[in-house]
Amino acid sequence: GQQLNQSPQSMFIQEGEDVSMNCTSSSIFNTWLWYKQDPGEGPVLLIALYKAGELTSNGRLTAQFGITRKDSFLNISASIPSDVGIYFCAGQNSGGSNYKLTFGKGTLLTVNP
Amino acid sequence: NAGVTQTPKFRVLKTGQSMTLLCAQDMNHEYMYWYRQDPGMGLRLIHYSVGEGTTAKGEVPDGYNVSRLKKQNFLLGLESAAPSQTSVYFCASMEGGETDTQYFGPGTRLTVL
């Protein structure tokens, strides 16, 4: 089956620093998604990317859909303490109309005030 | 509009016991999904449904059964719980469509002793 490699597994940064994480896949996806999960909560969608090469921003977050459709990255600028959490990438293909997601294993982000 | 809700929030079972997890959504979504989340593993798809009365296997279906008798509810059953099924279970739903995304519930933490 499809696999996503997400890196890094964890990051410890100081407040105000920029953060970058990425995902690579062994196969292509039609859609790339980035979710954030706070402790004790379900994942919440941050950014969705629908076209190869697409660069999308949401406040301090910027994500790109790789040209090969096999990778994506997420950048967080000027981190703040509330950015703490687990960030997941996910790839989606609508083939067969089931919209199943394949998730990366997550990046645990810790921000020191 | 409560979104996606899950009951119970926590449960402890003994090996061999059975239980049912309930997922409910009030958004009239067609698609519903059950995932399990284990440390360092990300979210893995157990079963999913593309509409009322339908179910299909995901990545890790063994030991679980599901039912979608009503459009708004998706039940996940464990007939004979095993310690390997100790996990956090998340339900998600979506309407469908190329630009739609999955909305997650808050999760159920299950421990099997």
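The values are calculated or read from the model by the stated rules, or taken from the named source; none is laboratory data. Quick caveat: nothing in here was measured; it's all calculated off a predicted structure. So basically every Cβ, Gly included, is an ideal-geometry build from the backbone, and we count neighbours across all protein chains shown.
Take the residues in the range B:61-113 that are more than 18 Å from B:Gln6 (Cβ to Cβ) and within 14 Å of chain A (Cβ to nearest Cβ); name whichever of them is surrounded by the fewest Cβ atoms within 10 Å (Cβ to Cβ).
B:Thr99
With the condition kept exactly as written, say whether any residue in the range B:20-40 is farther than 27 Å from A:Gly85 by Cβ, aliphatic (A, V, I, L, M) and more than 14 Å from every other protein chain (Cβ to nearest Cβ).
Looking for residues that are farther than 27 Å from A:Gly85 by Cβ, aliphatic (A, V, I, L, M) and more than 14 Å from every other protein chain (Cβ to nearest Cβ), one finds none in the range B:20-40, hence no.
Taking the stated definitions as given, is A:Leu33 free of Cβ contacts under 8 Å to residues at least 60 places away in the same chain, within 14 Å of A:Leu74 (Cβ to Cβ) and either of a type outside the set (Val, Ile, Thr) or out of contact with any Ser or Thr (no Cβ under 6 Å at 6 or more places or on another chain) (or both)?
no
Residues to consider are A:Thr68, A:Thr62, A:Thr31; find the one that is modelled with pLDDT under 95 and in contact with a strand residue (DSSP E or B) (Cβ under 6 Å, 6 or more places away or on another chain).
A:Thr31
Given the criterion out of contact with any Phe, Trp or Tyr (no Cβ under 6 Å at 6 or more places or on another chain) and among the small types (Gly, Ala, Ser), identify the matching residue among B:Gly58, B:Gly53, B:Gly42, B:Gly107.
Only one candidate passes the filter, namely B:Gly53.
Residues being at pLDDT 95 or above and either closer than 19 Å to B:Gly51 by Cβ or outside any strand (DSSP E or B) (or both): count how many of those fall in the range B:69-91.
Total meeting the criteria: 16.
Determine if the range A:7-20 includes at least one residue that is crowded, with 17+ Cβ neighbours inside 10 Å and under 22 Å from B:Asp100 (Cα atoms).
No, the range A:7-20 has no match at all.
I'd like to check something: does the range A:83-96 contain any residue that is surrounded by fewer than 21 Cβ atoms within 10 Å (Cβ to Cβ) and within 8 Å of another protein chain (Cβ to nearest Cβ)?
Within the range A:83-96, one or more residues are surrounded by fewer than 21 Cβ atoms within 10 Å (Cβ to Cβ) and within 8 Å of another protein chain (Cβ to nearest Cβ).
Report every pair of residues separated by at least 6 positions or lying on different chains whose Cβ atoms are under 8 Å apart, first residue within the range B:90-113 and under 12 Å from A:Lys100 (Cα atoms) and touching a residue at least 24 places away in the same chain (Cβ under 8 Å), second among the small types (Gly, Ala, Ser) and not in a loop (DSSP other than H, G, I, E, B).
Sorted first by the residue in the range B:90-113, then by its partner, the pairs are B:Gly96/A:Ser97; B:Gln102/B:Ala92; B:Gln102/B:Ser93.
Filter the range A:21-40 for residues that are crowded, with 20+ Cβ neighbours inside 10 Å and either at the interface with chain B (Cβ under 9 Å from one of its Cβ atoms) or not in a loop (DSSP other than H, G, I, E, B) (or both) and give the result.
A:Met21, A:Cys23, A:Ser25, A:Thr31, A:Trp32, A:Leu33, A:Trp34, A:Tyr35, A:Lys36, A:Gln37
In the range B:3-27, which residues are within 17 Å of the chain's Cα centre (by Cα) and assigned to a loop (DSSP other than H, G, I, E, B)?
Selection gives B:Gly3, B:Pro8, B:Lys9, B:Ser18, B:Asp26, B:Met27.
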